Amino acid sequence: MSRSHTDSRDLQRGPAPAPNAPRVVAVVDAPEGGYVDSADLEQREAGSGIEVRLRVLSQSEVPELARRAPECIILWHRISLTAEFFALNSSCRVVVCASVGHDHVDTEAARASGVAVYHVPDYGVDEVADHTLALALNAVRRVRELDAHVRDGGWEWRRAEGVRRLRGAAWGLVGCGRIGQAVARRAASFGMRVGFYDPYVHPGTEKAHGWTRFWSLHELLASCEVVSLHVPLGPETEHMMDRAALEALSPGAVLINTSRGAVVDEDALRQVLDRGRLGAVGLDVAEHEPGVAGWLRGHPRALLTPHSAFYSVESMTELRRRAARAAAQALRDEPVTAAVRIV
């Protein structure tokens, strides 16, 4: 279970800092990430007595980071902290993931070595929900194809033949947490019927919202015209959308993934798309990102965005501030209210 507060006893790791020495937080990003170009915002949020340093490094430099790790790391998702990092580490006692996902941190190794790991699961709920709707609407209404038709000199409405009405259609959520529920409210505003599959959501959630609960993933997939994925990546969800699951989708359905790329088996996806089983797929994430398979880039029924669903000017600022505040709270042995503890 996640905890939103830190027990200071869990953080007694490594030598105590020298008297009056600043506590150090490293903001760790990759060159290809580019999420942070200056740690000024984080420094202002952390406040006095804490020094924030930006470290832009490649994955191959992580072992050296471990040997000279600061007390706290704010970690962006293009860099992974593996079991090797935690084996070499002797001084880092807090990791704050500047993200919703945390599959880039070996949380079992962190737990074994006494390092507390946090994430910020709710900073971009509206942005991801909006992006999910944008991908779905684009796919259902064939906006990209119709735009290309007009740009090529055409003006033929019949290019939209076969597009179906959204009102009365069913939207299925795989995962009904914060983002899933935000998507559901948006879909319902279009007059769509909402169903979800999530064995971890409390019984009665469906009654509170007037949605339909499915206790079988495949039953949900077969019942909905649009299906969106809102699950973390882990052993239970990696390739959750395998060949059998993709074949279970109703013919012509639209599949949207704004969660993690490896939730979808892209080899199986290619086969199902090529056979025309799926109407379209909208992906903000890829199984092997930042690399994207050539067939996927060129597929006429695939709509792709570069893991940007989380972003708005406001969400990026909120994420950076909350990650820095959580780091400062943890180092000062205060209750961590700006982030949620994973381990």
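What to note about this one:
- Those residues of the stretch 241-293 which are hydroxyl-bearing (Ser, Thr, Tyr) and more than 27 Å from residue 80 (Cβ to Cβ), in sequence order: 250
- Selection count where residues are in contact with a strand residue (DSSP E or B) (Cβ under 9 Å, 6 or more places away or on another chain) and not in a helix (DSSP H, G or I), scope the stretch 304-336: 4
- Of the numbered criteria (1) surrounded by fewer than 24 Cβ atoms within 10 Å (Cβ to Cβ); (2) among the β-branched types (Val, Ile, Thr); (3) assigned by TED's automatic domain parsing to the domain that holds residue 226, the one residue 132 fails is (1).
- Failed item in (1) in a helix (DSSP H, G or I); (2) in contact (Cβ under 8 Å) with a residue 24 or more places away in the chain, with residue 52 passing the rest: (1)
- Counted residues, the stretch 48-83 - those being under 24 Å from the mean Cα position of the chain (by Cα) and surrounded by 14 or more Cβ atoms within 10 Å (Cβ to Cβ): 16
- Matching residues, the stretch 155-164, being surrounded by 10 or more Cβ atoms within 10 Å (Cβ to Cβ) and over 16 Å from residue 227 (Cα atoms): 156, 159, 160, 163
- For the stretch 136-150, the condition holds for no residue, the condition being that it is outside the structural domain of residue 291 (by TED's automatic domain parsing), within 20 Å of the chain's Cα centre (by Cα) and closer than 23 Å to residue 311 by Cβ.
- Yes/no for residue 45 being within 26 Å of residue 312 (Cα to Cα), more than 18 Å from the chain's Cα centre (by Cα) and crowded, with 18+ Cβ neighbours inside 10 Å: yes
- Of all residue pairs spaced 6 or more apart or on separate chains, those with beta-carbon atoms under 8 Å, a first member in the stretch 136-154 that is at positive phi and a second member that is outside any loop (DSSP other than H, G, I, E, B) and not hydroxyl-bearing (Ser, Thr, Tyr) are 142/159; 142/160.
The values are calculated or read from the model by the stated rules, or taken from the named source; none is laboratory data. Only a predicted model underlies this, so the values are computations on that prediction, with no experimental measurement involved. For neighbour counting, all protein chains shown are included, and Cβ atoms are generated from backbone atoms with ideal geometry for every residue, glycine included.
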